[in-house]
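Working notes, structure below.
The values are calculated or read from the model by the stated rules, or taken from the named source; none is laboratory data. Note that the structure is predicted; figures quoted are calculated from it, not measured. Here Cβ is always computed from backbone atoms with ideal geometry, including for glycine, and neighbour counts include all displayed protein chains.
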Amino acid sequence: MARIEEIKSGSLAKSKKLNEVIRYLNSLLNAKVREGSSTESPQLVAGEISTEIITTGGSGGLPEGYEETAVTLCQNGSPVTGSILFNPDTP
């Protein structure tokens, strides 16, 4: 987990504003992302403790023009199977 340490001494620490900014930055560095429901608008909910990025809700299907394609790749000399999203060129 990424984290910026708060300032404990010096003139900047006395105003407490710098540490407030650091807390918000730490929250943004560790933001959680979720897909919104079909009725939710995209939004950023930021706070000192946690931040959530809500993306546009949708059907959860594949992006237009893409298809799921099975692949086998070589990883450290061994075959590994999986799938990728592929957008084939059209003539």
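Some notes on this structure:
- Qualifying residues in the stretch 1-29 (those that are polar (S, T, N, Q) and surrounded by fewer than 12 Cβ atoms within 10 Å (Cβ to Cβ)) - the one modelled with the highest pLDDT: S9
- The residue that is modelled with the highest pLDDT, counting only those in the stretch 33-49 that are part of a loop (DSSP other than H, G, I, E, B) and either in contact with a strand residue (DSSP E or B) (Cβ under 7 Å, 6 or more places away or on another chain) or farther than 28 Å from E20 by Cβ (or both), is P42.
- Looking across the stretch 50-72, the residues that are part of a loop (DSSP other than H, G, I, E, B) and either surrounded by 10 or more Cβ atoms within 10 Å (Cβ to Cβ) or of a type outside the set (S, T, N, Q) (or both) come down to S50, T56, G57, G58, G60, G61, L62, P63, E64, G65, Y66.
- Within the stretch 1-19, the set of residues being closer than 18 Å to L29 by Cα and polar (S, T, N, Q) comprises just one member, N19.
- Hits in the stretch 2-32 (condition: under 19 Å from V45 (Cα atoms), in a helix (DSSP H, G or I) and hydrophobic (A, V, I, L, M, F, W, C)): V21, I22, L25, L28, L29
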